[in-house]
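Working notes, structure below.
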Amino acid sequence: MGCVRSEKDSDYYKVVDDAINSYAWAAVVKLQERRVITDVLGPIGQGKEAKIILARGADGRYAVLKIFYPVPVRFKRRSPYILGDPRFRNLKISDQLHLVEVWCRKEFGNLSRAYEAGVRVPRPLGFYRNVLAMEFIGVDRNPAPLLAEVGLENIEDPYGLFYDILKNLEKTYVLAGLVHGDLSPFNILYDGQNPWIIDWGSAVRRGHPKEFEYLRRDVERVLEFFGYPLDAEALFKKLVERGAWRGRVEVDEEGWLLIGGKRIID
């Protein structure tokens, strides 16, 4: 059983002291108290907006804490993804720190919605303030690399992987009702067999004023990495058309959505 740490536990605090202050540390402690996680094991990654910390979940398995830096962020960069989202129509952002909390809550909500729709994403575990807990994707304590780091030349079956990502892209749009908004090889983990889509903070619900702009961009970025195996504009239009379908949607034995009895590649 893990030990719940207090904000005064200075030795333990040093494990992640470059990522968080007492404000964020209190959020980590709250997740421990709620038994979302037990132990915090140390940093395994870092980005422009967050630090990635390895932890242990209540089930004994490795988990990840995504700790958004609790410092003022540029609202201009994030505002289009929040203020145009119907879920945040009445939101009044009073300060930059509050925006970090909103962004964390938004990512958890998007991640949960995608997970429930069958999109291959890390399983969401919980969140508090600016700390998001989710399933760890990797081997032992080594996180799976980004698809961009692996490189197309090191993938045994690139077209098979492309079609797998396409299945998940379609499920995101049709079943989850989301547009990722920042989909690229830099936001897809590759474990040697399967792709895992991460970084859902920018995702917007369908109906967002920039829904089609973001969807087209997601399609183009994925196709660009794989050498444009399909026509980008044609694929974009198919997704929009299939997203407007109001009939029954089924999933075949290979994971493709069947809309009107057809796959998107038929």
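The values are calculated or read from the model by the stated rules, or taken from the named source; none is laboratory data. Just so it is clear, the model here is predicted, and its values are computed rather than measured. Cβ atoms come from the backbone with ideal geometry, glycine included; neighbour counts cover every protein chain shown.
Somewhere in segment 198-210, is a residue outside the structural domain of TYR115 (by TED's automatic domain parsing), among the basic types (Lys, Arg) and within 18 Å of the chain's Cα centre (by Cα)? Yes: one or more hits. Any residue at all in segment 183-196 that is of a type in the set (D, E, K, R) and farther than 30 Å from ARG246 by Cβ? Checked segment 183-196: at least one residue is of a type in the set (D, E, K, R) and farther than 30 Å from ARG246 by Cβ.
State whether the residues of segment 183-205 include one that is in contact with a Pro (Cβ under 7 Å, 6 or more places away or on another chain), surrounded by fewer than 18 Cβ atoms within 10 Å (Cβ to Cβ) and either basic (Lys, Arg) or in a loop (DSSP other than H, G, I, E, B) (or both). Within segment 183-205, none of the residues are in contact with a Pro (Cβ under 7 Å, 6 or more places away or on another chain), surrounded by fewer than 18 Cβ atoms within 10 Å (Cβ to Cβ) and either basic (Lys, Arg) or in a loop (DSSP other than H, G, I, E, B) (or both). Remark: LEU31 matches the filter, which requires a residue to be buried (at least 18 other Cβ atoms within 10 Å of the Cβ), in a helix (DSSP H, G or I) and modelled with pLDDT of 95 or more. Evaluate segment 235-253: report whether one residue or more is assigned by TED's automatic domain parsing to the domain that holds ASN194, within 14 Å of TYR163 (Cα to Cα), surrounded by 13 or more Cβ atoms within 10 Å (Cβ to Cβ) and without any contact (Cβ under 8 Å) to a residue 24 or more places away in the chain. Scanning segment 235-253, I find no residue that is assigned by TED's automatic domain parsing to the domain that holds ASN194, within 14 Å of TYR163 (Cα to Cα), surrounded by 13 or more Cβ atoms within 10 Å (Cβ to Cβ) and without any contact (Cβ under 8 Å) to a residue 24 or more places away in the chain, so the answer is no. The conditions are (1) in contact with a Gly (Cβ under 9 Å, 6 or more places away or on another chain); (2) closer than 22 Å to SER112 by Cβ; (3) touching a residue at least 40 places away in the same chain (Cβ under 8 Å), and PRO209 fails exactly one of them. Which is it? PRO209 satisfies every listed condition except (2). Does any residue of segment 256-266 turn out to be in a helix (DSSP H, G or I), touching a helix residue (DSSP H, G or I) at 6+ places or on another chain (Cβ under 7 Å) and farther than 30 Å from VAL139 by Cα? No, because not a single residue in segment 256-266 is in a helix (DSSP H, G or I), touching a helix residue (DSSP H, G or I) at 6+ places or on another chain (Cβ under 7 Å) and farther than 30 Å from VAL139 by Cα. Scanning segment 206-234 for residues that are acidic (Asp, Glu) and surrounded by fewer than 16 Cβ atoms within 10 Å (Cβ to Cβ) turns up GLU213, GLU224, ASP231, GLU233. Within segment 119-157, restricting attention to residues that are crowded, with 16+ Cβ neighbours inside 10 Å and among the β-branched types (Val, Ile, Thr), the residue that is nearest to the chain's Cα centre (by Cα) is VAL121. Scanning segment 230-257 for residues that are over 11 Å from VAL174 (Cα atoms) and not charged (D, E, K, R) yields LEU230, ALA232, ALA234, LEU235, PHE236, GLY247, VAL251, GLY255, TRP256.
Among the conditions (1) assigned to a loop (DSSP other than H, G, I, E, B); (2) buried (at least 18 other Cβ atoms within 10 Å of the Cβ); (3) at pLDDT below 95, LEU99 misses just one, which is (1).
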